[in-house]
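Chemist: Pasting in a structure now, in structure tokens, and then I'll have a few things to ask.
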Amino acid sequence: MESKINRIIQADTDDLIAAVFEIRTAVFVHEQKCLPSEEFDELDAQAIHFLLLENDIPVATGRIRKTDKGVKIERIATLKEFRGQGYASQVIRFLIEDAKSRYPSNSYFYLHAQVDVMPLYRLIGFEPFGGTFIEADIVHQAMELTLN
């Protein structure tokens with residue numbers, strides 16, 4: 001059995017950003033039928049993007065943005081054939097740790113979770129707030145996490 005070597009890196013080159021966009025296209029545009037114009041936005045240029053690599057193959061991604069409220073976690077996606085291995089959780093935890101060092105005065109994290117994956121975020125400590133809403137034709141719930 002081949003052992004897996006996983007690492008998470010910042011996508012800070014054109015090639016790595018292209019890998020981020022390939023994962024998001026596969027998950028959000030092809031699988032979930034989101035419009036490319038909704039998936040790829042002007043905030044991509046402001047966000048810090050990350051990739052989870054399994055044996056140097058990009059398999060999951062996420063991004064963070066510093067906002068007036070805190071740090072927003074966005075665009076968490078894992079390629080279908082790599083799901084069920086905890087990669088999304090690893091990416092989210094990594095994003096939080098990276099943001100803690102990048103923005104040491106920030107203790108507030110928030111996101112818009114697809115309702116189907118709210119349990120994933122709850123396991124990490126996020127709690128829902130407000131009502132559900134539709135984003136890209138998918139029901140979402142705002143969730144938040146405040147660290148001490």
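Every number in this text was worked out from the coordinates using simple rules, so none of it is lab data. Predicted model only: the values in this text are computed from it and were never measured. FYI the Cβ positions are ideal-geometry reconstructions off the backbone, even for glycines, and counts take in every protein chain you see.
Chemist: Could you please find all residues in the range 24-57 being among the hydroxyl-bearing types (Ser, Thr, Tyr) and surrounded by fewer than 16 Cβ atoms within 10 Å (Cβ to Cβ)?
Modeler: Once the filter is applied, which keeps residues that are among the hydroxyl-bearing types (Ser, Thr, Tyr) and surrounded by fewer than 16 Cβ atoms within 10 Å (Cβ to Cβ), the range 24-57 yields only Ser37.
Chemist: Please find, among Arg63, Arg102, the residue that is of a type outside the set (A, V, I, L, M, F, W, C), under 21 Å from Glu144 (Cβ atoms) and touching a His at 6+ places or on another chain (Cβ under 7 Å).
Modeler: On inspection, the qualifying residue turns out to be Arg63.
Chemist: Additional query: Those residues that are touching an Asp or Glu at 6+ places or on another chain (Cβ under 8 Å), in contact (Cβ under 8 Å) with a residue 60 or more places away in the chain and part of a loop (DSSP other than H, G, I, E, B), I need them from the range 1-48; list them, please.
Modeler: Matches in the range 1-48: Lys33, Cys34.
Chemist: Within the range 113-141, which residues are among the hydrophobic types (A, V, I, L, M, F, W, C) and closer than 22 Å to Glu97 by Cβ?
Modeler: Ala113, Val117, Met118, Leu120, Leu123, Ile124, Phe126
Chemist: So which residues in the range 49-94 are free of Cβ contacts under 8 Å to residues at least 40 places away in the same chain, of a type in the set (S, T, N, Q) and in contact with a helix residue (DSSP H, G or I) (Cβ under 9 Å, 6 or more places away or on another chain)?
Modeler: Result: Ser89, single match.
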